[in-house]
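Asks: A single structure is presented below for examination.
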Amino acid sequence: MWTYAGRRLLLAIPTLLGASIIVFAMVHLAPGDPIAAVMPAESSQAEIEATKKAYGFDKPLAVQYLVWLGRVAQGDLGRSIATRRAVILDVRDSLANSLVLALSSSLLAFGIGTALGLLAAFRQGRWLDKAASAIAVIGVSVPHYWAGIILIIVFSVWLNWLPAMGAADGGGPLAYLRHMTLPTVALALIPLGVITRVVRSAALDVLNQEFVLALRAKGLAARRVFTHVVKNSAPQIFTVLGLQFGFQLGGSVLVEAVFSWPGTGYLLNLAIFQRDIPVLQGVILVLATFFVLLNLAVDLLQTLVDPRIARH
Amino acid sequence: MKRVVTLLLALVLSLSLTGLACAQGTLRIGMTASDIPYTGGQTDNGFEGFRFVGYQIYEPLIAWDLTRGDRLAPLVPGLAESWEVRKDQPTKWVFKLRKGVTFHDGSPFNADAVVFSYESIKKKDAPHFDPYGSGQVSFRLASLTGVHKIDDYTVEFETNKPTSFVPYQVCYMLIVSPAQWQKVKDWRKFAEQPSGTGPYKVTRFVPRERLELEANKQYWDSKRRPKMDKLVLLPMPEPTTRLAALRSGQVDWIEVPPPDSIPQLKGAGFQISMNSYPHNWTHTLRLDKEPWSNKLVRKAANYAVDRVGICKSLLNDTCIPATGVVYKGHPWFGKPKEIYEYNPEKAKALLKQAGFDASKHPVKAVHLISTSGSGQMLPLAMNELIQKNLKDVGIDVDLQPVEWNTLLTRWRAGFKTADNEGLNAWNISWNFLEPWSGFGRFFHSKAVVPVAVNTMPYINPEADKLIDEAERTFDVPKQNEILARLHELVVDDAPWIFVVHDQNPRALSPKVKGFVQPQSWFVDLTAVTVR
């Protein structure tokens, strides 16, 4: 298993390099440039050119990319053009905030989604199954940024129960909890839908297998049958949970923008509009690394849970 | 009995007074900036940066008087008590500095601080040169070539030519504390613990999230010592987020509420503050190519646009119609011959006179517009209405929407690039705070791209003469007269489609008292209280 893990880790390097090249190319192919974005609107072309030179943005793209890569290899992600802060600090702070949201929304979605999915599978065709399916469909189809706006209107503007934006106002853990509630709910909707459906179908697959019939025929208690079904559908569920968690981490751009939640999604959004290339590259590189590691962790976890999945 | 009553009265009075003294509160502002403007002196994020960060933490030698809303904000003594140009050498300006002013770190303000601040912007080889801050402000100080100390409280600025525009440049140079910089020796660190002389000082800086400031109790101008204790600035680029934050009580003040939310906000008891200020929203036309090379067509377009309709139906009266570069009542407005009102019949007649015809030979043009952007108001909706207005008289405009940053980049490069060759105009909003921003950079033949931003290009010897004359005229009322004549000329030439002047709407919670919205891009927050 360790050789497998090692090989997967090595394979991650070309993946990350590829991701960084694609990001670099996309940012530079898009119209607009990083210096023009931070310079005042009134400044002239001549002034922009002078500043570009000072920042090294007049060099050929390949050179700029290699310079950046060389620094990354030494653990230096560079400095933000807009704030002149070290990118690593921005990434660290925002990643912490995003991880919190990803974890809380995943827990919420996994908990409710797994429960709903299993209940639906065991009550197939009954009203509970239909209700769970309805919730799943709504969860998957409602755009989460829209849900976020609705949540703000209801809970912040009308009821005034929860804050509409930001993380904590330096107000301690309770304030932080209050601030993360709405974005957590908004972010949990999609995985809730996905997980409910996947768990339901995975459990149904197992339920329809002959060994379940055999177990029941042997007169095994319903609770014990349930345990067997869960154990057998676990690998499939784990894969989806892992992927969803990855999506939660990287896919919260819209929700974070709606709630001004200072996470990686918000940072990415800012960096895109400011053409802040070092930040953009840094965030994406770190997120890509996370994604790769997460997939690896899920794979390894699967082999632990289900020894039948042989890895070479 | 009498004594008891007096005592009671005194008690009540003193209680209410102490109540007043501590209940001045915290003002939380939701800005449109996507980030906290640069705090290291020469700020960024355009004039919003100056408004909330630059002019609150720091001060210039010459400042804007922002205490009144009934007139255009004038320049008044700031950290300089007086200034004058040397009669014998009109390229030299002597500034007498204010005594007894200290920076937030306790060090004294003096001539050395002025020289230090100037060098941080202009002297590229100085150890304290700030490349980022310099990029933000250097071009606003275009005529200044040097400064030296005469004594501790007198400095002399030098300019590259005799120019009366010097005060309009010096007002953007913010004075930073040399002592604080010596402590940290790095502009990024300085920005995290900045030190100026302004009415507010920074207490907490959370990058990208919030900036907290507290009242500077030692502020030198006792009339402008802040009445509130604390000021909190929050970047909120999304209009809906700002609106929700205001309505849920997370902030007390937001910049630019969405126009369609204004009736609702008013109904819910919020204050909507508006005033004219030097802003115009225009289409800058390409003058070296058909169809806008024809003055009659340009005038026709100006008569075809229903400005009142745009302000009323689209923008809920958050703007006023523009019939020139500056608004009526502004000292540079003058008496233009043409007053561009909505008159489609006149527009059609002008087009006919120019040899165009709606059915057989329509006017065709391609205009580059933005999807959003600072000062751009509601570009898509407004441009669609303008497109329809123009279509009605026989001008077919193809609108090409791009992202704001892209529009700025393409505009700076001028029309004569491969990308821009097919274009006939761009839609960008401007400020006209001072003569160069208002006129020089657009209408002087020496300001053609890439030197400055005369992209059209507008070449008119008469305009050059008037701009140069205004620059040589040191008497402000006389200078205003010359600029009014220039404005009359420009309005008649119609190198732009003049559309609207924004009214800079902001929404304030009912708890916010004492704010006066000046005719300016900047604000004075010292008189504001929050109950």
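Asks: Scan region A:260-277 and tell me whether some residue there is farther than 30 Å from A:Ser156 by Cα, touching a residue at least 60 places away in the same chain (Cβ under 8 Å) and in contact with a Gly (Cβ under 8 Å, 6 or more places away or on another chain). Don't jump to the end; show me each part of the working.
Replies: Going residue by residue through region A:260-277, those that are farther than 30 Å from A:Ser156 by Cα are A:275-277.
This time we only want the ones that are touching a residue at least 60 places away in the same chain (Cβ under 8 Å), so: A:275-277.
If we keep only those that are in contact with a Gly (Cβ under 8 Å, 6 or more places away or on another chain) as well, we get A:275.
Checking region A:260-277: at least one residue is farther than 30 Å from A:Ser156 by Cα, touching a residue at least 60 places away in the same chain (Cβ under 8 Å) and in contact with a Gly (Cβ under 8 Å, 6 or more places away or on another chain).
Asks: Something else about it: Limited to region B:401-425, what total is found for residues that are outside any loop (DSSP other than H, G, I, E, B) and within 12 Å of chain A (Cβ to nearest Cβ)?
Replies: Total satisfying the criteria: 10.
Asks: Return the total of residues in region A:21-46 being small (Gly, Ala, Ser), within 27 Å of the chain's Cα centre (by Cα) and not in a loop (DSSP other than H, G, I, E, B).
Replies: 1
Asks: Still on this structure, please answer the following. Name the single residue, out of those in region A:77-109 being polar (S, T, N, Q) and within 11 Å of chain B (Cβ to nearest Cβ), that is farthest from B:Trp187 (Cα to Cα). Walk me through it before giving the result.
Replies: At the first step, the residues of region A:77-109 found to be polar (S, T, N, Q) are A:80, A:83, A:94, A:97-98, A:104-106.
Still in the running and within 11 Å of chain B (Cβ to nearest Cβ): A:80, A:83, A:94, A:97.
Values: A:Ser80: 14, A:Thr83: 11, A:Ser94: 23, A:Asn97: 27 Å.
Of everything passing the filter in region A:77-109, A:Asn97 is farthest from B:Trp187 (Cα to Cα).
Asks: Related question: Go through region A:126-152 and report how many residues are in a helix (DSSP H, G or I), open to solvent by 80 Å² or more (accessible area, probe 1.4 Å) and not hydroxyl-bearing (Ser, Thr, Tyr).
Replies: Summing the residues that are in a helix (DSSP H, G or I), open to solvent by 80 Å² or more (accessible area, probe 1.4 Å) and not hydroxyl-bearing (Ser, Thr, Tyr) in region A:126-152 gives 4.
Asks: Same structure, new question: Within region A:179-199, how many residues turn out to be within 14 Å of chain B (Cβ to nearest Cβ) and either in a loop (DSSP other than H, G, I, E, B) or farther than 19 Å from B:Gly249 by Cβ (or both)?
Replies: The qualifying residues number 1.
Asks: Same structure, new question: Condition first: under 20 Å from A:Gly265 (Cα atoms) and either at the interface with chain B (Cβ under 10 Å from one of its Cβ atoms) or aromatic (Phe, Trp, Tyr) (or both). Now tell me which residues in region A:152-178 satisfy that.
Replies: Within region A:152-178, A:Ile152, A:Pro163, A:Ala164, A:Met165, A:Gly166, A:Ala167, A:Ala168, A:Asp169, A:Tyr176 qualify.
Asks: So, of the residues in region A:256-289 that are within 14 Å of chain B (Cβ to nearest Cβ) and open to solvent by 30 Å² or more (accessible area, probe 1.4 Å), which turns out to be modelled with the lowest pLDDT?
Replies: A:Phe273
Asks: Of the conditions (1) of a type in the set (Ser, Thr, Tyr); (2) within 14 Å of another protein chain (Cβ to nearest Cβ); (3) more than 17 Å from B:Leu75 (Cα to Cα), B:Ser437 fails just one. Which one is it?
Replies: Unmet condition: (3).
Asks: What about B:Ile175, is it in contact with a helix residue (DSSP H, G or I) (Cβ under 8 Å, 6 or more places away or on another chain) and in a loop (DSSP other than H, G, I, E, B)?
Replies: Yes: the conditions hold for B:Ile175.
Asks: Of these, B:Asn427, B:Asn454, which one is without any contact (Cβ under 8 Å) to a residue 24 or more places away in the chain, open to solvent by less than 10 Å² (accessible area, probe 1.4 Å), closer than 25 Å to B:Ser374 by Cα and of a type outside the set (Asp, Glu)?
Replies: Among B:Asn427, B:Asn454, only B:Asn454 is without any contact (Cβ under 8 Å) to a residue 24 or more places away in the chain, open to solvent by less than 10 Å² (accessible area, probe 1.4 Å), closer than 25 Å to B:Ser374 by Cα and of a type outside the set (Asp, Glu).
Asks: So, one more: Take the residues in region B:349-378 that are surrounded by 15 or more Cβ atoms within 10 Å (Cβ to Cβ) and within 14 Å of another protein chain (Cβ to nearest Cβ); name whichever of them is farthest from B:Asn316 (Cα to Cα).
Replies: B:Leu368
Asks: Suppose we keep only residues that are touching a residue at least 24 places away in the same chain (Cβ under 8 Å) and in a helix (DSSP H, G or I) within region B:458-467. Which one would you say is farthest from the chain's Cα centre (by Cα)?
Replies: Of everything passing the filter in region B:458-467, B:Glu462 is farthest from the chain's Cα centre (by Cα).
Asks: Would you be able to tell me the number of residues in region B:98-135 that are under 17 Å from B:Asp44 (Cα atoms), of a type in the set (D, E, K, R) and part of a loop (DSSP other than H, G, I, E, B)?
Replies: Result for region B:98-135: 1.
Asks: Being touching a helix residue (DSSP H, G or I) at 6+ places or on another chain (Cβ under 8 Å), at pLDDT below 80 and open to solvent by 50 Å² or more (accessible area, probe 1.4 Å), is that true of even one residue in region A:244-255?
Replies: yes
Asks: Could you figure out which of (1) outside any helix (DSSP H, G or I); (2) surrounded by 15 or more Cβ atoms within 10 Å (Cβ to Cβ); (3) of a type in the set (Lys, Arg) isn't true of B:Arg51?
Replies: With respect to (1) outside any helix (DSSP H, G or I); (2) surrounded by 15 or more Cβ atoms within 10 Å (Cβ to Cβ); (3) of a type in the set (Lys, Arg), B:Arg51 is out only on (1).
Asks: Can you tell me how many residues within region B:440-457 are away from chain A (no Cβ under 14 Å) and either more than 23 Å from B:Ser520 (Cα to Cα) or part of a strand (DSSP E or B) (or both)?
Replies: First, the residues of region B:440-457 that are away from chain A (no Cβ under 14 Å): B:443, B:445, B:456.
From what's left, either more than 23 Å from B:Ser520 (Cα to Cα) or part of a strand (DSSP E or B) (or both): B:445, B:456.
The number of residues fulfilling the criteria is 2.
Asks: On the basis of being open to solvent by 50 Å² or more (accessible area, probe 1.4 Å) and either on the phi < 0 side of the Ramachandran plot or part of a strand (DSSP E or B) (or both), does B:Thr67 make the cut?
Replies: yes
Asks: Suppose we keep only residues that are part of a strand (DSSP E or B) and among the acidic types (Asp, Glu) within region B:191-235. Which one would you say is surrounded by the most Cβ atoms within 10 Å (Cβ to Cβ)?
Replies: For region B:191-235, the residue satisfying everything is B:Glu212.
Asks: Give me a count of the residues in region B:433-448 that are within 18 Å of B:His501 (Cβ to Cβ) and charged (D, E, K, R).
Replies: 1
Asks: Just to verify a result, which residue in region B:24-62, among those that are touching a Leu at 6+ places or on another chain (Cβ under 6 Å) and of a type in the set (Val, Ile, Thr), is nearest to the other protein chains (Cβ to nearest Cβ)?
Replies: B:Ile36
Asks: Among A:Ala30, A:Ala62, A:Ala54, A:Ala36, which is the only one that is within 30 Å of B:Gly375 (Cα to Cα) and exposed (fewer than 14 other Cβ atoms within 10 Å of the Cβ)?
Replies: Among A:Ala30, A:Ala62, A:Ala54, A:Ala36, only A:Ala30 is within 30 Å of B:Gly375 (Cα to Cα) and exposed (fewer than 14 other Cβ atoms within 10 Å of the Cβ).
Asks: Could you tell me whether region B:350-363 includes any residue that is modelled with pLDDT of 95 or more, within 28 Å of B:Trp411 (Cα to Cα) and not in a helix (DSSP H, G or I)?
Replies: Among the residues of region B:350-363, not one is modelled with pLDDT of 95 or more, within 28 Å of B:Trp411 (Cα to Cα) and not in a helix (DSSP H, G or I), which makes the answer no.
Asks: Could you please let me know if B:Asp502 is out of contact with any Gly (no Cβ under 8 Å at 6 or more places or on another chain) and charged (D, E, K, R)?
Replies: Answer is no for this residue.
Asks: While we're on this one: Looking at region B:86-95, is at least one residue closer than 27 Å to A:Ala50 by Cα, of a type outside the set (A, V, I, L, M, F, W, C) and crowded, with 16+ Cβ neighbours inside 10 Å?
Replies: Checked against the condition, which is being closer than 27 Å to A:Ala50 by Cα, of a type outside the set (A, V, I, L, M, F, W, C) and crowded, with 16+ Cβ neighbours inside 10 Å, region B:86-95 yields at least one hit.
Asks: Considering only residues that are open to solvent by 10 Å² or more (accessible area, probe 1.4 Å) and within 14 Å of chain A (Cβ to nearest Cβ), which ones fall in region B:135-170?
Replies: B:Gly135, B:Ser138, B:Phe139, B:Arg140, B:Ala142, B:Tyr168, B:Gln169
Asks: Taking region B:469-491, which residues are within 18 Å of B:Thr163 (Cβ to Cβ), modelled with pLDDT of 95 or more and open to solvent by 80 Å² or more (accessible area, probe 1.4 Å)?
Replies: Across region B:469-491, the qualifying residues are B:Lys478, B:Glu481.
Asks: At least 1 residues that are more than 22 Å from B:Asn431 (Cα to Cα) and not assigned by TED's automatic domain parsing to the domain that holds B:His487 in each: list the strands (runs of 3 or more DSSP E) lying fully within region B:243-326 that qualify.
Replies: In region B:243-326, the matching strands (runs of 3 or more DSSP E) lie at B:253-255, B:271-273.
Asks: So B:Ile395 passes all but one of these: (1) open to solvent by 10 Å² or more (accessible area, probe 1.4 Å); (2) more than 14 Å from every other protein chain (Cβ to nearest Cβ); (3) over 30 Å from B:Val256 (Cα atoms); (4) not acidic (Asp, Glu). Which condition number does it fail?
Replies: Result: B:Ile395 passes all but (1).
The values are calculated or read from the model by the stated rules, or taken from the named source; none is laboratory data. Since this is a predicted model, take the numbers as computed values, not measurements. Positions of Cβ are backbone-derived with ideal geometry, glycine not excepted, and every protein chain shown enters the neighbour counts. Surface accessibility is based on the protein's heavy atoms, side chains included, excluding ligands, DNA and RNA. Shrake-Rupley method; radii C 1.70, N 1.55, O 1.52, S 1.80 Å.
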